[in-house]
Structures are given as C-alpha cells and as structure tokens.
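For reference, the structure discussed in these notes is given below.
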Amino acid sequence: MIRRGWSRLFWVRLGLFLVAVFGGGSAHAACAAGTWSADGVTNCQPTPPGSYAPAPGTTAPQICPAGYFCPAGAVQPTMAPPGSYITSSGASAPNRCPAGYYCTGGSAIAAAPAGTYAPAGSAAAITCPAGAYCLVASAAPTPAPAGSYVPNTGARSAADAVTCPAGAYCLAGSVAPTATPPGTYIAATGATSAAAALMCPAGYFCTAGATRPTFAPPGTYITQLGATAPQTCPGGYFCTGGSAIAAAPAGTYAPAGSAASTVCPAGSYCPAASAAPTAARAGTYVPNPGARSAADALTCPAGSYCVAGAAAPVAAPAGTYISASGATSSAAALMCPAGYYCPAGAAKPTMAPPGTYITMAGATAPQPCPAGYVCTGGSAIAAAPAGTYAPAGSAVATLCPAGTYCPVASAVPQTTPAGAYSLVGASRPTACAADTTSYGGASACRGLVAGAGVGPSALIRSELDFGSVDTGASSTLRLQLANDAQRTAVGAQLFDLSVLTLALGGAPGFQLASPWQPTVLGAGQSLWLDVVYTGGATGAQLGWLSLQTDQGAGFGAAGQVFQVALKAMTPAVARVPEPTGLVGLALVLACGASLRARRQRR
C-alpha cells in the first residue's frame with residue numbers, strides 16, 4: 001500500500017510539472033508536504049493524525065509506522081522519545097512508559113530487572129538504593145523491613161536485608177543500624193525502634209551501641225541509673241567496683257581513683273577519709289605506719305631534731321649537741337665547747353676524761369694526753385714537772401724511780417749513766433764523788449777497791465757448735481755465765497762479778513736472740529745468753545763471742561776476757577727439717593771456788 005501510494009504520488013507530481021512547463025501559467029500549484037487531496041492539487045487538507053505527507057502533491061496520506069507517531073499535518077513520522085513507546089502503526093502521539101518498565105525510545109519497552117526500579121516515564125532502570133530492595137518490574141524501591149537494614153545498593157529481594165544487630169535498632173528502610181542511645185542497651189537482635197533500648201542499671205554504664213551493661217571497674221563507681229561512663233572514685237574514698245564506695249579508714253589514705261585504701265606510711269598520720277598522708281609536724285616523728293592522728297606522733301628526743309614528715313629522729317651532727325626535746329631542724333644544734341666532746345646524737349657535752357684533753361670547740365672525741373704531759377680532764381694539759389714522768393694518756397705524773405732521772409716533760413725515766421747516781425724524783429743525774437764510781441742506773445756510788453781479783457776456777461766449754469743449718473733456717477743455743485762465788489762472814493769481802501762488755505763477730509749469721517746490756521752478777525747468780533745462727537752462705541761458718549768482766553781487777557775495771565768459738569755448717573742442698581731444741585752449754589766462771597775473797601779492802 002505504501003509503495004503504491006508513492007508511485008501514484010510520483011506520477012501526479014510529474015504531470016503537474018509538465019503542465020506547468022508546457023501548458024501555460026493558468027494551472028493550480030500542488031498540495032504542500034503535510035497536506036493532501038484526491039488530485040494532489042486542489043482541496044488540499046492536512047494529513048489526519050496517525051498519517052503524514054512527506055512531499056507536495058500527496059493524493060493519499062501515509063500511515064505512521066510502529067515506533068513512530070504522526071500528528072495532523074505531519075510531513076515525516078517522529079520516533080517515540082525515551083521514556084515513551086509506540087507498538088502499533090498509525091499513532092498520533094507516543095505512550096508514556098508505564099511504572100516498573102523503562103522505554104529507550106521507539107517501540108522498545110522492558111520490565112525493570114530485579115535490583116532496579118523504574119517510575120512511569122523511565123528511559124532506563126534505576127539501581128535500587130541502600131535501605132531498600134527492588135523486585136522485577138518495581139516502580140519504586142521497597143523499604144527494608146523494620147528490624148533489618150540493607151547496606152548496599154541493588155538489593156533484589158527482602159532476603160538481601162541484614163538483621164539488625166544487638167546494641168542497635170533498625171527502622172524500616174534503614175541503610176545502617178542506629179546505635180542505642182548512651183545510657184541504654186539492647187541485648188537482642190532485630191530491634192525495630194529506640195523503644196527496645198533498656199535503661200543501664202546502677203553500678204553499670206552503657207555507651208552508645210551497648211549490647212549489655214558494663215560493670216564500673218575498681219577505682220570508679222556509679223550510683224545512678226542510665227550512666228554513660230563511670231565516675232572516678234574521689235580522694236579519701238576507695239571504690240571496689242560497681243556502685244560500691246567507702247571512706248578510707250583512719251590509718252589509711254586513698255588518692256582519687258583508688259580501688260583500695262593504702263596504709264599510712266611512717267612519718268605521717270591519716271585521719272578517716274584522707275586523700276593523702278598528713279606529714280608529722282616538725283619537732284615530732286611517727287616511727288610506725290598506720291598512724292591515725294597527730295596524737296600518734298612522738299616528740300623528738302634531746303640529741304636529735306625532726307623535720308616535718310620524719311619517720312625517725314635525725315641525730316645532732318657530731319661536734320654539736322641538742323639539749324632540749326622537740327627540735328625542728330639542725331639549726332637547734334649548739335657547738336660543743338672546748339674541754340668537751342659531742343659524738344653524733346649528743347644531748348649534752350661530755351667532759352674530756354682524765355688522761356685526755358680538748359682545747360677547741362666542736363670536738364667529736366677527746367685526744368689522748370701526749371707523752372710527757374698530764375691531763376686532768378677537760379681542756380687542762382700541762383708538762384710533767386721535773387723529777388716526774390708521764391707516758392701518753394696520763395692523768396697524773398709519776399715520780400722518777402731511783403737510778404733514773406726525769407727532766408721537765410719526760411715521757412719515760414732516763415737511765416742514770418755510769419759514774420753518776422740518781423735518787424727517787426731526780427730531775428738530773430748526780431756525778432759520783434772522787435774515788436767512787438757506778439754502773440748505769442745506779443742509785444748510789446761504790447768506792448774503788450784496789451787489789452787483785454780472783455781468777456776462774458774452771459772453763460767447762462769454750463765452743464758452741466750449731467751443726468748443720470739449712471739456708472733460711474735458724475738454730476738457737478744457750479750460753480750460761482755463772483758467778484760461783486759464795487758469801488762468807490770473813491771480813492768485808494766483795495763477791496760481785498761485773499760483766500762489762502759483750503762482742504759478737506765472725507760470720508754474719510750469728511746474733512743474739514735479744515738485746516744485751518752490762519750487768520752485775522751477785523754470788524750464785526747467772527747470766528743466760530741465747531745465740532742464734534741463721535743459715536745463709538753455704539759451707540762452714542765461724543764466729544766468736546767475747547765477754548769482758550772485772551774478774552781479777554778493781555771494781556768496774558777491765559779484767560778477765562772470756563771468748564767462746566762459734567761454728568755452724570750450711571749445706572748446699574737443704575735437708576728435710578728435723579725438730580731442734582735449745583741446747584744449754586754452761587761456761588762456769590768460778591769466782592773464789594775455795595772461798596777465797598775476790599777483793600779485799602785494805
């Protein structure tokens with residue numbers, strides 16, 4: 001039909017053209033495009049709705065095809081725009097795309113897929129938003145049911161909704177759970193509104209979104225309902241948790257946030273509900289922990305001071321003293337005066353005892369009296385007077401004994417030299433008178449007696465043999481010198497034997513065991529000498545010991561000399577040590593063996 005219409009129109013237009021060209025100017029013009037008539041020239045009418053006339057001279061309008069619409073007088077079909085559709089021919093206007101469907105234009109129309117929706121007039125499906133789901137051909141999103149939520153876009157059915165968790169509620173169409181308000185909690189899932197939230201009980205707190213109450217931890221407390229956070233336990237109180245709160249007992253303290261009270265430390269006291277210990281006031285101290293009040297503090301004793309918060313007294317510094325109790329600082333200490341001493345912690349000065357002295361202030365201990373001086377105590381010190389002596393530490397001087405003398409400030413008596421004598425309390429020796437003499441340490445002088453002395457009656461042994469002594473080892477032998485004279489009642493006879501000098505020579509290993517000094521042996525008395533040999537150089541070692549007496553001479557004059565040979569052997573190789581003993585060898589000098597007088601006065 002359309003093709004025939006176009007063919008007829010062509011011939012009509014061609015005829016009109018030829019008439020116009022060859023027939024002269026009296027012919028009518030062809031109907032314009034969008035109009036038509038039976039002959040295409042006269043009685044031209046607009047094409048009716050649903051048809052169109054694309055060219056002049058149309059004699060039969062063309063039917064508008066499907067997918068297009070043609071209003072009256074249409075020259076060309078117009079395609080149905082997006083959001084509308086036309087499924088049949090001859091349409092004079094497009095149809096609006098129905099809800100749940102989308103139309104891309106022309107004759108196309110399709111249902112919105114699951115997960116999308118399409119309001120009426122949609123040219124395309126729209127993705128389902130979060131908080132809803134969209135079935136196939138949905139004209140609008142369906143809100144997620146109360147008690148659930150849809151977090152993502154494109155949900156296809158109610159099965160895509162997520163159950164609301166505990167601690168939150170979900171209104172219809174929720175994109176996400178709404179946390180329960182602070183101070184409340186929701187224990188179950190699927191809550192549909194805030195009405196499902198329960199009030200937090202006392203002793204517990206509930207933050208936003210709480211699924212259950214949280215117990216107030218130790219050091220905090222909650223006494224009211226609906227708490228959103230625990231309160232810090234105040235100073236002076238302790239909180240074990242929950243709603244429990246109690247004042248710290250006397251003898252303890254509790255800083256803010258305490259879960260338990262703490263025993264009050266030494267040096268302080270703690271009344272009930274103390275947030276911190278109270279320091280013991282200056283001048284007192286608290287030695288033990290757990291003090292409950294200022295009455296538990298002790299007064300600082302004399303000899304010490306106590307600063308604030310003292311757990312024990314502080315001793316007064318050495319060289320000072322504190323006589324009063326309750327001292328608050330070291331400034332209370334006084335300097336120890338001269339003649340006295342003060343150890344650390346002194347309550348009063350102590351006088352230096354006899355035999356000691358102190359001449360300066362601030363002494364911590366007395367000084368021993370120096371040798372040659374006497375100290376009666378305190379600061380008193382004086383030189384020992386002439387005729388007396390005073391060893392170190394003396395409180396009084398001692399009289400010099402007979403045979404000695406003591407100048408001023410003597411520490412020990414000095415032995416009177418030979419040729420002089422000293423009586424008790426002598427400050428210097430007195431020389432012997434003419435024709436008299438003395439040995440050292442004499443308290444009187446003796447007259448010189450002329451005449452021959454008595455010779456020895458026997459010489460038992462003149463040699464000391466130490467035998468073999470290893471290098472570094474020692475051996476000791478004892479030598480006896482005896483005055484064998486006997487006293488008789490025969491006139492004015494003298495029986496004393498004077499040993500004037502002793503000499504030791506030869507090898508260096510021989511020596512006396514102890515110092516020796518001149519002596520006088522009375523009748524029957526002996527002089528014992530210990531001679532020691534210490535092994536040194538190897539081989540035979542020889543020495544000698546010489547004793548000079550006044551035998552056979554005047555009193556105190558050089559007389560008979562007795563000499564003893566000394567022998568020892570030091571081997572090149574040390575021997576195994578053997579026990580050694582002290583061997584006694586006696587050299588007996590018989591003075592007047594037949595009762596003869598040693599000297600006879602004339």
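Label-to-label distance for T364 and A246 is 5.2 nm, based on points extended 7 Å past Cα in the beta-carbon direction. With a 1.4 Å probe and every protein chain kept in, tell me what percent of the accessible surface of region 30-141 is carbon plus sulfur. Whole-percent figure for carbon plus sulfur exposure: 60. The distance from the alpha carbon centre of region 100-175 to that of region 343-359 is 107 Å, rounded to a whole number. Between V532 and R156, the modelled label-to-label distance comes to 12.1 nm, taking each label 7 Å out from Cα in the direction of the beta carbon.
Taking square-rooted eigenvalues a ≥ b ≥ c of the alpha carbon gyration tensor, is region 230-328 rounded, prolate or oblate, where a/c under 1.5 means rounded and, failing that, a/b exceeding b/c means prolate?
Verdict is prolate for region 230-328.
You can think of it this way: the chain between A272 and A331 has 17.8 nm of extra reach, that is 0.36 nm per residue less the Cα-Cα gap.
Packing, taken as the mean count of other beta carbons within 10 Å per residue, orders the peptides 535-541, 205-211 from highest to lowest as 205-211, 535-541. Which distance in nm do the two modelled labels at A38 and D435 give, with both placed 7 Å along the Cα-to-Cβ direction? With each label point 7 Å from Cα toward Cβ, the separation is 22.0 nm.
Specify whether the C-alpha gyration tensor of region 186-259 places it in the rounded, prolate or oblate class, a ≥ b ≥ c being the square roots of the eigenvalues: rounded for a/c under 1.5, otherwise prolate if a/b is larger than b/c and oblate if not. Because a/c hits 1.5 or more and a/b exceeds b/c, region 186-259 counts as prolate.
Using a probe radius of 1.4 Å on heavy atoms only, what accessible surface per residue do you get for region 267-333? Whole Å² is fine.
Working: 2960 Å² over 67 residues.
About 44 Å² of surface per residue is accessible.
Direction-averaged projected area, Cα convex hull, region 228-277: 2.9 nm², rounded to one decimal.
Alpha carbon centre of region 181-233 versus region 523-539: separation in Å? Taking the Cα centre of each part, region 181-233 and region 523-539 sit 109 Å apart.
The values are calculated or read from the model by the stated rules, or taken from the named source; none is laboratory data. Owing to the predicted nature of the structure, the values given are computational and were not obtained by experimental measurement. Positions of Cβ are backbone-derived with ideal geometry, glycine not excepted, and every protein chain shown enters the neighbour counts. Quick note on the areas: whole protein, heavy atoms, side chains included, nothing else; ligands and nucleic acids left out. Shrake-Rupley method; radii C 1.70, N 1.55, O 1.52, S 1.80 Å.
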